[in-house]
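A quick write-up on the structure given underneath.
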Amino acid sequence: MPGMDSNPQTEASGEDAWIRTIPPREATGDVAAAYEPFFDPESGYMDNIIKVHGLHPAGLQAHWKLYAAVMEGTDSLPRIEREMVAIVVSGINACHY
């Protein structure tokens, strides 16, 4: 959020998140199953917002369902316009997501 101090722990370490995460290649069981749709095995890449949910797979699934419901296009505001709003808001908030 604008005006919030950055996390010195993250800046000093170069890590993307200061919340403990489970790396995708180390995930097992429910975590591995929750990660699977979001993980690119070829590159090893997965968005950090997904990894921070790794400690609570049910929370990850709920987060994704909420995101999908909010971003789904409607007759009054197509998905592309919702995406544009999200980009502008993220830019204003200095958030790269």
Can you name the residue in the stretch 25-64 that is of a type in the set (Gly, Ala, Ser) and assigned to a helix (DSSP H, G or I) and is also farthest from Cys95 (Cα to Cα) among such residues?
Gly29
The residue that is farthest from the chain's Cα centre (by Cα), considering only those in the stretch 22-46 that are loosely packed, with under 13 Cβ neighbours inside 10 Å and closer than 23 Å to Ala86 by Cβ, is Asp40
Can you say whether Glu83 is in a helix (DSSP H, G or I) and acidic (Asp, Glu), as far as the supplied structure shows?
yes
Give the number of residues within the stretch 26-49 that are of a type in the set (Asp, Glu) and without any contact (Cβ under 8 Å) to a residue 24 or more places away in the chain.
4
Within the stretch 72-79, identify whether any single residue is among the hydroxyl-bearing types (Ser, Thr, Tyr) and in a strand (DSSP E or B), and answer yes or no.
no
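Coordinate-derived values only; no laboratory data. What you see is a predicted model, and the numbers here were worked out from it, not measured in a lab. Using ideal geometry, Cβ is built from the backbone for each residue, glycine included, and neighbour counts are taken over all protein chains shown.
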